[in-house]
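Trainee: Okay, handing you the structure first.
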Amino acid sequence: MTFSEETLFVIDDIADSFDYKNKYAIIQYLKDISQESIFKQIILTHNYDFHRTVSSRLDMVRDHKLYTVKTKDGIQLIEEKYQHNPFTYWKNKLHQSKAILIASIPFVRNLAEYSGHKENYDKLTSLLHFKENTESINLSGLEVIIKAILIDKNELTLENGNNLVIDLIYEIADSILSSTIEIIELENKIVLAIAIRLRAEQFMVAKINNDVFWKSIKKFQTSVLIERFKKDYPVEIKTIELLEQVNLMTPENIHLNSFMYEPILDMSNEHLKNLYKDIKDNLN
């Protein structure tokens, strides 16, 4: 069969409703289309797994892979930074970028969990939730954990080892908030999400002021704290609304449960920055 008319296909999140078998059949179909010079394709997706697979199977070159940056003034298309796997990129930049160092905490935490490093897993959890030991974990301690989990990072040396990790998280988040740069890289979005939840939980722990209750929480800490806060302070409607925003935004975004941070990639820069500012300004 021959074709004579140039045709543009716009494919929008085509894989979301398919199981894996049919998803890969669709990708093969897209590859077949790509081999016809008369056919052009614009493939849109929110699914990073699908994005990586299509990029590989269709042999897409770097400048053909773009992602959107949402701002109050519109949408920009820019070259996709990581191309294949952000974690490989981050591993090589841990000592160079404070934001990447912090953004890598959830990734290293998952590796610790799956490889049986329970003590390290618990300590890293204390950097994603406000726990009894959160304000005692310094950068030297984080360095030790990273070296134990990422065995190819034995040469890693973090500066200012006595500084607390939570202080660094807030420092980076404050810097992102004050920046006028419209493009926020994935690692900065993750830092903002971590800082938002830590500030919110730190506020609720202090406000509820019940160490027995707080220290007994084993899972879903943010939700449990919010429910207790609503019970203890039912008239603080604006604060409750703000905390509910935190609860809606953070659960799946900080951890790797949502594959490759799909929700946080889709979240607008303004939303994250505004929520962090509201938490910082109003929860004291």
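Trainee: Taking the stretch 149-174 only, how many residues are of a type outside the set (Val, Ile, Thr), at pLDDT 95 or above and assigned to a helix (DSSP H, G or I)? First the steps, then the outcome.
Mentor: Residues of the stretch 149-174 of a type outside the set (Val, Ile, Thr): 150, 152-156, 158-164, 167-168, 170-171, 173-174.
Subsequent filtering for residues that are at pLDDT 95 or above retains 162-164, 167-168, 170-171, 173-174.
Narrowing the set further to residues that are assigned to a helix (DSSP H, G or I) leaves 167-168, 170-171, 173-174.
Selection size over the stretch 149-174: 6.
Trainee: Quick check on my filter: what residues within the stretch 130-148 are part of a loop (DSSP other than H, G, I, E, B), surrounded by fewer than 20 Cβ atoms within 10 Å (Cβ to Cβ) and touching a Leu at 6+ places or on another chain (Cβ under 8 Å)?
Mentor: Scanning the stretch 130-148 gives a single hit, Ile137.
Trainee: A follow-up question, please. Output the residue which, of all residues in the stretch 98-125 that are small (Gly, Ala, Ser) and buried (at least 18 other Cβ atoms within 10 Å of the Cβ), is nearest to Leu198 (Cα to Cα).
Mentor: Ala103
Trainee: How many residues does the stretch 116-127 contain that are touching a helix residue (DSSP H, G or I) at 6+ places or on another chain (Cβ under 7 Å), more than 14 Å from Val144 (Cβ to Cβ) and part of a loop (DSSP other than H, G, I, E, B)?
Mentor: Qualifying residue count for the region: 1.
Trainee: Inside the stretch 150-159, can you point out the residues that are more than 12 Å from Lys91 (Cα to Cα) and crowded, with 16+ Cβ neighbours inside 10 Å?
Mentor: Within the stretch 150-159, just Leu158 meets the criteria.
Trainee: Identify the residue in the stretch 31-54 that is out of contact with any Phe, Trp or Tyr (no Cβ under 6 Å at 6 or more places or on another chain) and among the aliphatic types (A, V, I, L, M) and, among all such residues, is farthest from Ser268 (Cα to Cα).
Mentor: Among those that are out of contact with any Phe, Trp or Tyr (no Cβ under 6 Å at 6 or more places or on another chain) and among the aliphatic types (A, V, I, L, M), it is Val54.
Trainee: For the stretch 199-213, check the following and say yes or no: at least one residue is assigned to a helix (DSSP H, G or I), modelled with pLDDT under 95 and of a type in the set (A, V, I, L, M).
Mentor: No, that holds for no residue.
The values are calculated or read from the model by the stated rules, or taken from the named source; none is laboratory data. Keep in mind it's a predicted model, so treat the numbers as computed, not measured. All Cβ positions, glycine included, derive from the backbone under ideal geometry; neighbour counts span all protein chains shown.
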